[in-house]
Amino acid sequence: MNDHSDLLSKSLDIIYPFLIVFGGYIIINGHISPGGGFQGGAILASVYISKYLVMPIYDYQLDIFKKMEKLLLVIIILMPFSFIFFGAMNKFPDWNILYLMLMNISIGIKVACGITIIFLRFVFFETRSL
């Protein structure tokens, strides 16, 4: 007997693409509207969290999420320094929008990885045998 509901898993399979598109929309339009990287990243993390809650699978690759999060932290730290110190802000004023979009995308993916890691660590900690 399955521990999960087929109706719930089928309905969430339909909702997942909309959640991903909505999270991407919030991230991409963060420079012109309220929202941005953090809010969109939280929406993207809800895809992983709801997927786990519907059908618990214990073979998530946490090391991939951790490596991606560390790489994005380095990118988030280096991007403003390179943008400001190389003078791209003054030489190319049209690049400001591109810079904000890239920062929102980086922050959104980092937040999605971070929230997913936190959720899965709590789940794996609670489900381990004592």
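Here are the numbers:
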{"quantity": "Search result, residues across the stretch 5-39 that are small (Gly, Ala, Ser) and farther than 20 Å from Leu120 by Cβ", "calculated": "Ser5, Ser11, Gly24, Gly30, Ser33, Gly35, Gly36, Gly37"}
{"quantity": "Qualifying position, being under 21 Å from Phe119 (Cβ atoms), crowded, with 16+ Cβ neighbours inside 10 Å and not small (Gly, Ala, Ser), among Leu62, Leu12", "calculated": "Leu12"}
{"quantity": "Out of Lys70, Lys51, sole residue that is at pLDDT 90 or above, assigned to a helix (DSSP H, G or I) and under 19 Å from Arg121 (Cβ atoms)", "calculated": "Lys70"}
{"quantity": "Residue match in the stretch 17-34 (condition: surrounded by 12 or more Cβ atoms within 10 Å (Cβ to Cβ) and in contact with a Ser or Thr (Cβ under 7 Å, 6 or more places away or on another chain))", "calculated": "yes"}
{"quantity": "Search result, residues across the stretch 73-103 that are in a helix (DSSP H, G or I), among the small types (Gly, Ala, Ser) and loosely packed, with under 13 Cβ neighbours inside 10 Å", "calculated": "Ser82"}
{"quantity": "Criterion (within 14 Å of Ile107 (Cα to Cα) and either in contact (Cβ under 8 Å) with a residue 24 or more places away in the chain or out of contact with any Leu (no Cβ under 8 Å at 6 or more places or on another chain) (or both)) met by exactly one of Phe38, Phe81, Phe22, Phe85", "calculated": "Phe38"}
{"quantity": "Residues within the stretch 29-48 that are hydroxyl-bearing (Ser, Thr, Tyr) and at pLDDT 90 or above, tallied", "calculated": "1"}
{"quantity": "Top-ranked residue in the stretch 78-130 [being closer than 26 Å to Lys66 by Cβ and aromatic (Phe, Trp, Tyr); ranked as nearest to the chain's Cα centre (by Cα)]", "calculated": "Phe119"}
{"quantity": "Residues that are in contact with a helix residue (DSSP H, G or I) (Cβ under 6 Å, 6 or more places away or on another chain) and modelled with pLDDT of 90 or more, drawn from the stretch 75-104", "calculated": "Ile75, Ile76, Asn104"}
{"quantity": "Neighbours by Cβ (under 9 Å, 6+ apart or cross-chain): first from the stretch 43-58, at positive phi; second assigned to a loop (DSSP other than H, G, I, E, B)", "calculated": "none"}
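Every residue, every condition in (1) in contact (Cβ under 8 Å) with a residue 40 or more places away in the chain; (2) of a type in the set (Val, Ile, Thr); (3) farther than 21 Å from Val21 by Cβ, yes or no:
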| residue | (1), (2), (3) |
| --- | --- |
| Leu62 | yes, no, yes |
| Lys67 | no, no, yes |
| Val74 | no, yes, yes |
| Leu100 | yes, no, no |
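The values are calculated or read from the model by the stated rules, or taken from the named source; none is laboratory data. These figures come from a predicted structure and were not determined experimentally. Reconstructed Cβ throughout: ideal geometry from the backbone, glycine too, with neighbour counts over all protein chains shown.
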